[in-house]
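Undergrad: One structure follows; several queries about it will come next.
The values are calculated or read from the model by the stated rules, or taken from the named source; none is laboratory data. Being a predicted model, the structure only gives us computed values, none of them experimental. In this analysis, Cβ positions are derived from the backbone assuming ideal geometry, glycine residues included, and neighbour counts consider all displayed protein chains. Heavy atoms of the whole protein, side chains included, go into the accessibility calculation; ligands, DNA and RNA do not. Shrake-Rupley method; radii C 1.70, N 1.55, O 1.52, S 1.80 Å.
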Amino acid sequence: MKAIAITHAARHGSNLDFLTDIDLPQPEAHGHDLLIEVKAVSVNPVDTKVRAGFNADTPRVLGWDAVGVVKAVGEAVTLFQPGDEVWYAGALTRPGSNSEYQLVDERIAALKPKTLDNASAAALPLTAITAWELLFDRLGVQEKGNEGDVLLIVGAAGGVGSILTQLARKLTRLTVIGTASRPASQQWVKERGTHYVIDHSKPLTEELARIGIKQVSHVASLTNTEDHYQQLINALQPQGKLALIDDPQSLDALPLKVKSISLHWEFMFTRSMFTTADIIAQHQLLTRVATLIDEGVLKTTLGEHFGAINAANLRKAHALLESQRAVGKIVLEGFDN
């Protein structure tokens, strides 16, 4: 089967040029595995981080967002059958979705939304899981609840921010503030449904004061947490909650003490990495998100379509993500003949 893998570690700066088209044997499904014929994928920051940190002898297939068709199932599978159209983010510990066929545990996959084409659906699984877990599992927000509370989303124009904004607006009573620094990204954030948009290139407390917000109850810091950390502490009310998904080199928790601010990490691969007792929660939440899309409550976060799934197009997608100027999700679809 065709696949795209990272084949070499960085030598001088970036190893982007070593994203390579290769051929691999088609895998076989066993246990809870689905063998998926991949139809469309999207690219996430985790792809660029794993690629940049690659230092192994065996090529590694990247990609943790996909839509495809079930071709075969393992002997323990009960949720799906061959022919089902599914969407999923996969597991960080297994080969990724940048290949014609991929094995995925049935408990972290779901039937794709019926009303979306493959490309539009592929934009969503990883970010939808991340946003859902962050909002409801980590920050403890309640569906149809939290009236009077204020959520600040730092980096609201990205993939996670784009779906987190929708979940918070459509499923809760939170006041939602999104940050974006460029006109195009600010417009994107407004269209996703935030009550307010502020500029994270300016002091956040000043920007909040500009819109008449003194303090916020919840923060979802999706990017550049280190740069904004003290400002986020200042903006949070006593007993507020701070959740993050990025990778600061260090984070001093002591400044959180005086306000009793709680700190929450969200890493959507935790359930699959440790095969947690509640691993099927990702199947359940992806099923719920698919229903919400088909009911017209949520919309795709597809930003740009980069064409076929091949090394050249994936290199372009990685480069755009690393520039931190991507708006929405970058999607690729189909393999070259």
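Undergrad: Go through the range 108-120 residue by residue and tally those that are under 20 Å from Gln81 (Cα atoms) and either surrounded by fewer than 20 Cβ atoms within 10 Å (Cβ to Cβ) or of a type in the set (S, T, N, Q) (or both).
TA: 3
Undergrad: Only one residue in Ala128, Ala119, Ala110 is part of a strand (DSSP E or B) and more than 27 Å from Gln237 (Cβ to Cβ), so which one is that?
TA: None of the others qualify; the one that does is Ala110.
Undergrad: Go through (1) over 22 Å from Ala110 (Cβ atoms); (2) part of a loop (DSSP other than H, G, I, E, B); (3) open to solvent by less than 10 Å² (accessible area, probe 1.4 Å) for Gly63 and report which single condition fails.
TA: Gly63 satisfies every listed condition except (1).
Undergrad: Still on this model: When you look at Val70, is it over 21 Å from Ile330 (Cα atoms), open to solvent by less than 20 Å² (accessible area, probe 1.4 Å), not small (Gly, Ala, Ser) and not in a loop (DSSP other than H, G, I, E, B), yes or no?
TA: So Val70 passes the test.
Undergrad: Of the numbered conditions (1) touching a residue at least 24 places away in the same chain (Cβ under 8 Å); (2) within 17 Å of Leu111 (Cα to Cα), Gln81 satisfies every one except a single condition; which is it?
TA: Exception for Gln81: condition (1).
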